[in-house]
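What follows is a short report on a single structure.
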Amino acid sequence: MANHSLYLGSNSPRRRELLAQIGVHCKQFSVDIDETPGSGESPRDYVLRMAPEKALASRAALAGGQRLPVLCADTTVVAGGAILGKPANREQGILMLQTLANNEHQVLTAVAIADQQCIETRLSSTRVWFGSISDEQASRYWDSGEPADKAGGYGIQGLGAIFVQRIEGSYSGVVGLPLAETAELLAQFKVPYWV
């Protein structure tokens, strides 16, 4: 395997796989930061704050003298103007699916790269339409274990794909890392891709 050219400040296997898809080799780690939305903070402002905060905290956690850039991202599902984070339990997970059923929602993903000199951020916004979801489907989906660690309580790249009627925007952004925006940042920080 090639040497890594980037740090990924996230434990998400999906983000690692998306970077690997475009030929970027990364070393993965994460830091814990407070991800509570601010009072009255819009979903857009929230993700645009969280991605760079994660990147700066990750850069600070690296050993001194480390020169590789750090990439971090934040994904939020927005329904009716409200942020739907990761469900805390079964009841909340099923309620999220019921909220999204027969409806349109928005997935916002901000991606940030930081090095020793600067930090840059890009935002991806995707509209997603769900069809109907029966109580039995919602229950069985929760029992699969897939939705427990995902914003909005579903994974478009997994079993949750059956709920999606259509999307308008970035599929990879819904998964958790918008690749077009990420490639722009990689080029800016001279991190090679397709290698």
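The values are calculated or read from the model by the stated rules, or taken from the named source; none is laboratory data. This one's a predicted model, so the numbers in the text were calculated from it and none came from an experiment. Reconstructed Cβ throughout: ideal geometry from the backbone, glycine too, with neighbour counts over all protein chains shown. The accessibility values were calculated without ligands, DNA or RNA, using every heavy atom of the protein model including side chains. Shrake-Rupley method; radii C 1.70, N 1.55, O 1.52, S 1.80 Å.
In a residue-by-residue description of the stretch 151-161, the property of being open to solvent by 30 Å² or more (accessible area, probe 1.4 Å), more than 23 Å from residue 11 (Cα to Cα) and without any contact (Cβ under 8 Å) to a residue 60 or more places away in the chain applies to no position.
From the list 70, 77, the lone residue that is at pLDDT 95 or above, among the β-branched types (Val, Ile, Thr), in contact with a His (Cβ under 9 Å, 6 or more places away or on another chain) and within 23 Å of residue 180 (Cα to Cα) is 77. Do we find that residue 177 is more than 12 Å from the chain's Cα centre (by Cα), surrounded by 15 or more Cβ atoms within 10 Å (Cβ to Cβ) and either hydroxyl-bearing (Ser, Thr, Tyr) or at pLDDT 95 or above (or both) in this structure? No; evaluated as a whole, the condition is false for this residue. Scanning the stretch 84-142 for residues that are in contact with a strand residue (DSSP E or B) (Cβ under 6 Å, 6 or more places away or on another chain), free of Cβ contacts under 8 Å to residues at least 40 places away in the same chain and more than 18 Å from residue 155 (Cα to Cα) returns no hits. Within the stretch 67-112, the set of residues being of a type in the set (A, V, I, L, M, F, W, C), open to solvent by 60 Å² or more (accessible area, probe 1.4 Å) and under 18 Å from the mean Cα position of the chain (by Cα) comprises just one member, 88.
Kindly indicate the residue of the stretch 30-58 that is without any contact (Cβ under 8 Å) to a residue 60 or more places away in the chain and of a type in the set (Lys, Arg) and also surrounded by the fewest Cβ atoms within 10 Å (Cβ to Cβ) among those meeting that condition. Residue satisfying both the conditions and the ranking: 49. What single numbered condition from (1) surrounded by fewer than 21 Cβ atoms within 10 Å (Cβ to Cβ); (2) out of contact with any Gly (no Cβ under 9 Å at 6 or more places or on another chain); (3) in contact (Cβ under 8 Å) with a residue 40 or more places away in the chain; (4) closer than 30 Å to residue 62 by Cα fails to hold for residue 148? Checking residue 148 against (1) surrounded by fewer than 21 Cβ atoms within 10 Å (Cβ to Cβ); (2) out of contact with any Gly (no Cβ under 9 Å at 6 or more places or on another chain); (3) in contact (Cβ under 8 Å) with a residue 40 or more places away in the chain; (4) closer than 30 Å to residue 62 by Cα, the one that fails is (2). When residue 115 is tested against (1) of a type in the set (D, E, K, R); (2) open to solvent by less than 60 Å² (accessible area, probe 1.4 Å); (3) modelled with pLDDT of 95 or more, just one condition goes unmet, and that condition is (3). Please tell me if residue 169 is at positive phi and open to solvent by 50 Å² or more (accessible area, probe 1.4 Å). Against the criterion (at positive phi and open to solvent by 50 Å² or more (accessible area, probe 1.4 Å)), residue 169 qualifies.
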